[in-house]
Structures are given as C-alpha cells and as structure tokens.
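Worksheet: the structure to be examined is printed underneath.
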Amino acid sequence: MKISKKDALTWFEFFAQLPPEQGLSPRQLEIGYGALRQIEEAVQAMRRPMLEAIPGLRTLEGRTLYVGDPDKFPQGCRSCLLGSGLGAVRRTNRCNIACPFCYNYGELDQQPPVGEGLWEIGGAKYALEDVDLLLRVHKRPTGVAYVYLEPFMEIQVYYPLIEKFHRAGVYQHMYTNGTLATPQNLKALGRAGLDELRFNLGATGCARPVMEAMAAAKEYIPRVGVETPMTPQFFQGFLDNQDRILGAGIDFINCAELHLNPNNLENYWGESLYMTRLGYLSPIWSRNLTLQLMGMAGREGWPLAVHDCSNMTKFARDMHLRAREGGWFGSSAYACEFDPIPWAAFLPALEDPQVVFQQEEPLPPGYRPGDLAL
C-alpha cells in the first residue's frame, strides 16, 4: 500500500483521537503500517546522498557501517555483531545523573536491585564464586558488557569479577558517564583486566572533567572510546570540543541512533520520528547527524574509527544472535517497544516537508478517508 502523505496524515489524525485501549482494526492497521513504511522509505531516500558522500565508508560483513581504521573498530561491537552477541552483565541499579535520552528516564529511582552480592548474567543470578562453574558449564562467550546503570557508583565491586573473566580470556567492555572516574579507579580497572571503556560524553554535554578522565583512561585500559546517543546537543558539543576529544587518543566513537521507548518519548515529542522495520522508533535527525559526523571523519582523516550504530545495526545484531542460538530461520528479538504504537507521535513527520514519499497511490475502496475501515 503506497498511501499518499495527505491520506496518511488524515488517517493518523483519526488514530490519534482513539483511546489506546480501543486498538485498530486489521484494515486500519494496514493503513498505519503502510504509512510507517512510507515514512521509513522517505528517510532512506533522504540518507542515500549522505551515505554516498562519506569517503572511505566501510562495512562489517554487511552488519553495520563505519569509517576509519579497521583495527580501531571496537572489539566489543565485533563480539556483539559477529561473536556470541551482547552478553550483558548487570549489577548497579542506580545512576548519579538523569539524561533525557535514558531508557529509564523518570524511573531511575525505581529500578529493581539485582541482589546483594549477586550479578545478573544471561538473565539469571550468580554470586562471584559461581562464575567458575558457569564458565565450565557454558560455552565461553566472545565478550561481555557491563551495563545497567552507572557502574562507577560502586566500581570497587566490579574488580574481582573482571579479573575472573579476564583469566578466562573473555573480552570485557563497560559503559560509563565518566563523572566518577578517577585515575585511581581507572588504573584499578586496567589492572583487573578490563579491555574496553566507553564514555557517554552526551550525558554531561562533553564536560571537561569527563574528557580529561577519558584521556586518563587510555593510560590504563587498552581500548577507550565514546558511545553516545546522537542528539543535536551532543553533535554541537563534539564540534565545540573536537580537538580535545580527538586529542585524548581514543580509539573509536560509537554514534548510537537514539531510539525511544515509553519512558523517554515525551522528551522528544514534536520531533519528526520514524520506525525501522516496525521496530525501533527514532528521531529522523539522529542518524542524519551520525552520517554528517562520519563524513567529517572521512574527509579529515581522523585517527580512529567512527561507527554508525544505527537501528539497522541493532536489527542485524538480534538476527545474528538468534542464528547463533539455533533459532528458526528469520527469528529475532528485534521488536517495537510500544504497545500500542503511539500513532500521534508520527504527525510531525507527516507534516514535515523534508519527508517526501517516494511513490503515492490512491487508496482502494474501504480504505479511503470517510470509509468505514473495519
């Protein structure tokens, strides 16, 4: 269904007035899905010339895009996209700041604890002394990632676990906002065997102390980089501090396409949004800014890798993981995080003159505005 932008706007205005519990009929869903695909194809067309303008654009076996030195592409991402997947290790249920793009925005003080003395690995709970058994019984992962929420709030408890995984030859990366990083705890992380540390510079607006901590981390940890949801604020902060960031000696910049969930959607309400394969919902500008940054990196020859960690990268990640797990052909955990889809959130995109539908056809009888679409 190549619905016109005008018809899509009319129908979405109607959908936006319906109570969420009512839901849409099959024909109405067909209209809704058709319009979302039209928006997605319009965004893809918008980005084609941007991609073509990036010098030295590379692909990681068709799973993601990047520019720069292949040897500096983050090994944690290789593990995620080519290895055993994103093996999440969870422990800290608190954070010392609140970012508008956070998936837990508005609920940071309500995150459940993992449990005293326990770690959540693969969705199950383990004490430190259980990890040796875990490594004997399960196939060793190519890598693990320390996530949820700010590990430096209790960083000292991480050292023994990092040491265990290091001795087992498991690659380990960690995420931090960097505000609590010091030369002392960074040195301790390096001594324990952490392989890669990722700083969310956007969490602090590229604050100078965090950039200094990032440079200090390179003295103790083999690979250090930036991973931040790409927003206009971070893009401008990067431009304002480009020399300092690139001069820190980091290995990579992961530009994460900002995707929204029920917690943070309100913070970006009114922006032109789109959905990727009826899954992740994002502001159109997020990946556009990533492609601009990659173009700069390619033209200026930055001494690092800049990774386009887009929604399509997440799509490939989940497909790869299910395939490695022996899932059926086509199985994937990639899915929409909204139930129901917030149809009103797409009205700005349908009113945006930059979102140009590539092909439009009249709606058939039964689907036209004014018809009863059952």
Check: Within the stretch 185-193, is even one residue under 20 Å from the mean Cα position of the chain (by Cα) and without any contact (Cβ under 8 Å) to a residue 40 or more places away in the chain?
Finding: no
Next item on the list: Take the stretch 153-180 and flag every residue that is open to solvent by 60 Å² or more (accessible area, probe 1.4 Å) and free of Cβ contacts under 8 Å to residues at least 40 places away in the same chain.
Entry: GLN156, GLU163, HIS166, ARG167
Check: Counting only residues that are in a helix (DSSP H, G or I) and over 24 Å from GLY193 (Cβ atoms), which one in the stretch 103-152 is least open to solvent (accessible area, probe 1.4 Å)?
Finding: LEU108
Notebook entry, point to check: Identify, please: which residue in the stretch 61-89 is open to solvent by 10 Å² or more (accessible area, probe 1.4 Å) and aliphatic (A, V, I, L, M) and is, among those, modelled with the lowest pLDDT?
Noted result: LEU86
Next item on the list: Considering each of TYR280, TYR220 in turn, give the residue that is touching a residue at least 12 places away in the same chain (Cβ under 8 Å) and open to solvent by less than 30 Å² (accessible area, probe 1.4 Å).
Entry: TYR280
Next item on the list: Could you tell me whether any residue of the stretch 227-246 is touching a Pro at 6+ places or on another chain (Cβ under 9 Å), surrounded by fewer than 16 Cβ atoms within 10 Å (Cβ to Cβ) and outside any helix (DSSP H, G or I)?
Entry: no
Next item on the list: Look through the stretch 1-45, keep the residues that are over 23 Å from SER286 (Cα atoms) and of a type in the set (Val, Ile, Thr), and return whichever of them is most open to solvent (accessible area, probe 1.4 Å).
Entry: THR10
Checklist line | Which listed residue is over 15 Å from the mean Cα position of the chain (by Cα) and at pLDDT 95 or above, from SER332, SER272 | finding: SER272
Notebook entry, point to check: In the list ALA256, ALA345, ALA305, ALA297, which residue meets the criterion of being within 23 Å of ALA8 (Cα to Cα), open to solvent by less than 40 Å² (accessible area, probe 1.4 Å) and in contact with a strand residue (DSSP E or B) (Cβ under 6 Å, 6 or more places away or on another chain)?
Noted result: ALA345
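The values are calculated or read from the model by the stated rules, or taken from the named source; none is laboratory data. Not measured: the values here are computed from a predicted model. As a convention, Cβ positions derive from the backbone with ideal geometry for all residues, glycine included, and neighbour counts pool all protein chains shown. Surface areas here come from the heavy atoms of the whole protein model, side chains and all, with no ligands, DNA or RNA. Shrake-Rupley method; radii C 1.70, N 1.55, O 1.52, S 1.80 Å.
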